[in-house]
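Here's the structure we're looking at; comments come further down.
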Number of protein chains: 2
Amino acid sequence: MPQRGEAPISVIKRLPVYLRVLDNLVKRDIEVVSSKSLSKQTGFSAEQIRKDLAFFGAFGTRGTGYNTNYLRERILRIIGLDKQTNVAIIGAGHLGTAFARYNIRENPYTNVVGLFDVSPDSVGGEIEGVPVYHLNDLQDMIKQEKVQVGVVTVPAVHAQEVVDRMVEENVKAILNFAPAKLNAPEHVTIHNVDLTIELQSLIYFAREELSADRDKEENKEE
Amino acid sequence: MPQRGEAPISVIKRLPVYLRVLDNLVKRDIEVVSSKSLSKQTGFSAEQIRKDLAFFGAFGTRGTGYNTNYLRERILRIIGLDKQTNVAIIGAGHLGTAFARYNIRENPYTNVVGLFDVSPDSVGGEIEGVPVYHLNDLQDMIKQEKVQVGVVTVPAVHAQEVVDRMVEENVKAILNFAPAKLNAPEHVTIHNVDLTIELQSLIYFAREELSADRDKEENKEE
DNA sequence: GGATGTGAATTGGTTCACAGCA
DNA sequence: TGCTGTGAACCAATTCACATCC
């Protein structure tokens, strides 16, 4: 039952994982994959994978599995990676640079049009082949290069200002690494990646007492 | 009802956000805060905040709110940030460097003992005052410095090997930035931060059709 | 037979509504 | 009165179990 309408974010976040595995399988000329095999390679349950895929329509063949190439194409289409997405990275520090490099090397589905910064050291140069512009040129470049997605890696105090400028130019989605609650109109999606949250919440699981608790329930097999 | 036992991950992930706000309030000598005010500053609903805090015991005063200092101390204690946590960062590239810098500047609750890499350019040097060691010294240093948490920023192909080494030395939790499914024994917690997933899932929300859908339901207020 | 696709049951998390207390 | 604390209701997501089809 090909479903239109909004997919749950939980499902959407798994699609790139499937895509990565499928890219790999296609590269290795493996033409068919079962939900069970996908489960092993992703860590998600086979049922969940089937439900996820079925949400967008039935792509598999009963008794056989999924055609890797076809499924890959479908997922690209669902996410919107079949059409080029232009991305601007604001902040050319280590994080912005890491993100740029990473995307250029590992993610062939997006196009990083530029990094933006205020530091004279970096402005005018290139990082991984991507030009570094002055932040003042952000709005012009968004228009010119039809940027749909912005990645914010500037310090928290400047993040809202950067977001405001991008919103003005109708950027549709923003990935924010600054540890700040950012405001934007309803129609602009903001996702936050907060390194402090990730580390601190992890520390909760590293506590001594918890490790002790875990040891107690040493009665599981699989 | 002071609850012992395992807290849901969803709750744990919000604690660092509360902590950040409380740090700020305490710094500004604001002594009391209501769940409503916390709601405004974090974006989480007031009920949710009260439920979260109540999960660990009742910290507030009815009719008044929460004492900022006390609540801050309690959250530090719950997460486990009252005791020093030693962190090793494996991979001294841009991402590792960004993470080190960020933590040293913004997160006074953890202690980055070292970065680890194989590149002769960086090994032996310092980054943000943190020494860079050769990867070969990882296991010795984990023992010596009592490292409980590892942060993996190496390329995906090397990630599992690094994890295996850390597991051997009884590291309790790992924050993984490599786009790979890593295996570790039950008692080691691995959290993954995957930049590709974040960007690609965001692109789903930037699609034209979706933006169009959104425009249709322009009948909300608040 | 062997895998997908899917209603039903379950689990988990959030919101509601209000009781309880300073 | 005002704000916390919390059972109840609600909603979302996952798992189960099995019908369905190649």
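Overview of results
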| read-out | value |
| --- | --- |
| Across the identical copies, how the residue B:146 labels are spaced - nm, sorted shortest first, 7 Å along Cα→Cβ | 5.9 |
| Number of partner chain Cβ atoms within 10 Å, mean per residue of A:55-64 | 0 |
| Cα shape, segment B:72-125, gyration tensor, a/c 1.5 rule | prolate |
| Structure-based [θ]222 nm, chain B - -39500 (n - 2.57) summed over DSSP H runs of at least 4, per residue, nearest 500 | -14500 deg cm²/dmol |
| FRET E, pair residue B:186, residue A:46, Förster distance 22 Å, beta-carbon r, rounded to 0.05 | 0.55 |
| Rg/Rg_globular for the protein assembly as shown, with Rg_globular taken as 2.2 N^0.38 Å and Rg from C-alpha atoms | 1.01 |
| Cross-link pairs B:13/B:40; A:83/B:181; A:51/B:181; A:13/B:181 - those with Cα-Cα distance over 24 Å | A:83/B:181 |
| For chain B, with +1 on Lys and Arg beta carbons and -1 on Asp and Glu, the positive-most of B:152, B:176, B:60 along the dipole | B:60 |
| Alpha-carbon gyration tensor eigenvalues x 5, square-rooted, for segment A:116-160, Å | 16, 16, 10 |
| Estimated translational D of segment A:9-79 in µm²/s (Stokes, Kirkwood radius over Cα pairs; 37 °C; 0.692 mPa s) | 278 |
| Beta carbon of chain B nearest to the axis of the rotation taking B to A, residue and angstrom distance | B:94, 2 |
| Cβ-placed point charges (K, R +1; D, E -1), dipole of segment A:119-191 about Cα centre in debye, nearest 20 | 260 |
| Calculated over segment A:1-146: convex hull of Cα atoms, volume per residue (Å³) | 130 |
| Cα gyration tensor of segment A:85-198 - equivalent ellipsoid semi-axes, whole Å, descending | 19, 16, 15 |
| Label point 7 Å beyond Cα along the C-beta direction, distances from residue A:106 to other copies (nm, shortest first) | 2.0 |
| Segment A:169-196-segment B:152-169 distance, computed between alpha-carbon centres (Å) | 31 |
| Among A:92, A:58, A:180: highest mean-square fluctuation, GNM of chain A, C-alpha pairs under 10 Å | A:58 |
| The protein assembly as shown, dipole about Cα centre (Lys/Arg Cβ +1, Asp/Glu Cβ -1), debye to the nearest 20 | 1200 |
| Fully extended contour minus Cα-Cα distance, from residue A:82 to residue A:30, at 0.36 nm per residue | 16.6 nm |
| Nm distances between copies for residue B:51, ranked from closest, using label points 7 Å along Cα→Cβ | 1.9 |
| Placed amide H near residue B:127: partners under 5 Å, 5+ positions off or other chain | B:132 |
| Cα-centre dipole for segment A:7-109 with unit charges at Cβ (Lys and Arg positive, Asp and Glu negative), debye to 20 | 140 |
| Residue-count net charge about residue A:179 - beta-carbon cut-off 13 Å; Lys, Arg +1, Asp, Glu -1 | -1 |
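The numbers here are math on the coordinates, done by the rules we state, and not lab data. Computed from a predicted structure; not experimentally measured. Note that we place each Cβ from the backbone using ideal geometry, even for glycine, and neighbour counts take in every protein chain shown.
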